[in-house]
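Trainee: Before I ask anything, let me first share the structure, which is written out below as structure tokens.
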Amino acid sequence: MPLPRPAAYLLLVSALGCAAPSLPGWLGGAGGKPVLGPVEIFHIEDVELDFAGRIDTGAEASAIHATDLELDTPVEIEAAAGRIVAFTLENETGQRRRLSRVVADAVQVRTARGTETRLRVPLHVSHRGIRKSILVSLRDREAMTYKLLIGRDWLGDDFLIDVSREAPSH
């Protein structure tokens, strides 16, 4: 079985008789990019809640567990852009916060069951001092293990993903 890259690199460095570099905790990927595991703890600054976020490089956009969505005026969901939506966010530990945001847009999303329309709102999502403002899809993720899905909109080209890393404890 091949060694994970960091272990293979350190083994090579040791075999060559070189000193292994001292890398701070989560740095050390190619080009000095931070390395993320398949699950990381993210902070939603807008509500001061932490979520265990599942990294999904196949997802273009991020999604969060949101319930009790209420638009300020009754309109079809496709026409909700610019309206105010109130909703409740709940993380995997059961902590809940209610907030309101202006709907940026309503997007069609492909799921395992077909397509559905979701509202997207701007949220400030941070991890280890890296803060990004992104449009997050609001979706009932009650049945999902992870209440936050982090897609390429937050990841950009800024990180390397190491799927062998263990999930952090909350």
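Trainee: Within segment 131-170, how many residues are surrounded by 15 or more Cβ atoms within 10 Å (Cβ to Cβ) and either among the aromatic types (F, W, Y) or more than 19 Å from I55 (Cβ to Cβ) (or both)?
Mentor: Count: 4.
Trainee: Taking P74 as meeting all but one of (1) closer than 14 Å to R128 by Cα; (2) free of Cβ contacts under 8 Å to residues at least 12 places away in the same chain, write down the number of the exception.
Mentor: (1)
Trainee: Which numbered condition in (1) of a type in the set (D, E, K, R); (2) under 14 Å from F51 (Cα atoms); (3) surrounded by fewer than 15 Cβ atoms within 10 Å (Cβ to Cβ); (4) at pLDDT 95 or above is the only one that R128 fails?
Mentor: The number of the failed condition is (4).
The rows are residues; the columns are (1) surrounded by 13 or more Cβ atoms within 10 Å (Cβ to Cβ); (2) among the aromatic types (F, W, Y); (3) under 17 Å from the mean Cα position of the chain (by Cα).
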position: V39; (1), (2), (3): yes, no, yes
position: E48; (1), (2), (3): no, no, yes
position: G58; (1), (2), (3): no, no, yes
position: H65; (1), (2), (3): yes, no, yes
position: D68; (1), (2), (3): no, no, no
position: E78; (1), (2), (3): no, no, no
position: G82; (1), (2), (3): no, no, no
position: T88; (1), (2), (3): yes, no, no
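Trainee: When you go through (1) surrounded by 12 or more Cβ atoms within 10 Å (Cβ to Cβ); (2) in a strand (DSSP E or B) one by one for T115, which number turns out not to apply?
Mentor: For T115, the exception is condition (1).
Trainee: Could you please find all residues in segment 135-159 being aromatic (F, W, Y) and modelled with pLDDT of 95 or more?
Mentor: The answer is Y146, W154.
Trainee: Moving to a separate point now. I'm trying to understand the selection: among the residues of segment 111-170, which are within 24 Å of T93 (Cα to Cα), of a type outside the set (S, T, N, Q) and free of Cβ contacts under 8 Å to residues at least 40 places away in the same chain?
Mentor: V121, P122, G129, K132, A143
The values are calculated or read from the model by the stated rules, or taken from the named source; none is laboratory data. All values derive from a computational prediction rather than experimental measurement. With ideal geometry, Cβ positions are generated from the backbone for all residues, glycine too; neighbour counts draw on all protein chains shown.
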